[in-house]
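Novice: Just dropping this structure here.
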Amino acid sequence: MTFLAEAAEHASSVPAFVFPMCGALFFIFLGFVTWSFRDVAYRHSHKFEATRHHETGVDEFGHTKL
């Protein structure tokens, strides 16, 4: 029981503002990753020119036209 009482007295050696700061930094990192992949589909649009101009028997989803 003395260990639990001592642990409750010294719960953390980190100041309280560090925990929300870590969460905010994590979400900023996720936002940066999301932002870095913007317009990726448009960078590779040259691969799908034939399907957009209906030059092949394949539609925009890769299915054959009947």
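Please treat every number below as a calculation from the coordinates, not as lab data. As the structure is a computational prediction, the values presented were derived from the model and not from experiment. Note that we place each Cβ from the backbone using ideal geometry, even for glycine, and neighbour counts take in every protein chain shown.
Novice: Can you compute the modelled spin-label distance between PHE19 and VAL33, with each label point 7 Å from Cα toward Cβ, in nm?
Specialist: 2.4
Novice: Hey, rough spin-label estimate for VAL40 and THR64, points 7 angstrom out along Cα→Cβ, what's it come to in nanometres?
Specialist: For VAL40 paired with THR64, the spin-label model returns 3.1 nm.
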